[in-house]
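Here is the structure we will look at.
None of the figures in this text is laboratory data; all of them are computed from the coordinates on show. A quick note: this is a predicted structure, and the numbers were derived from the prediction, not measured. Note that we place each Cβ from the backbone using ideal geometry, even for glycine, and neighbour counts take in every protein chain shown.
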Amino acid sequence: MDMDYGVMIGLIGAVCMAGMLGLSYVGAFLLGQTRGRREAERELAAQRAALEAIGDGQADRLRATEDAVHRVARAVERLTEAQRILLLEQSRQASPPSDPRAGSPRLLGRNTPA
């Protein structure tokens, strides 16, 4: 089996060129993927920085809102307490004598409801 060196050199050249082409595609893919990842990280960092810049102003707004809610809650609590005291006073003024049986002859001597 006698091989021609020209065919063997051509075959080796074709295989090397195919390998080089394949490796160049792989390299381009990896470089593109790395660059894309890097750009995505930069965009994410820029978004985070923007949110932090906005977040400082929003943190002040959030604190102010929380303070306002606490003030409203305290005011509602005071109003509720005042209403409870007012209703208690109204019920004391409108209440019958302390012993309900003393003034009612109908209830004397009966334990069953009428």
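Things worth noting here:
- Candidates 27, 7, 17 compared by Cα position along the dipole of the range 1-64: farthest toward the positive end lies 27, with charges placed on Cβ.
- In this structure, residue 7 and residue 28 have a Cβ-Cβ separation that, at R0 = 30 Å, corresponds to a calculated FRET efficiency of about 0.40.
- Residues within the reach of a label modelled at residue 48 (point 7 angstrom out along Cα to beta-carbon, backbone nitrogen below 20 Å), restricted to the range 3-41, are 34-41.
- Cα principal axis extents for the range 7-92, largest first, Å: 119, 27, 6
- About its Cα centre, the range 19-99 has a charge dipole of approximately 320 debye under the convention of +1 per Lys or Arg Cβ and -1 per Asp or Glu Cβ, with nothing else charged.
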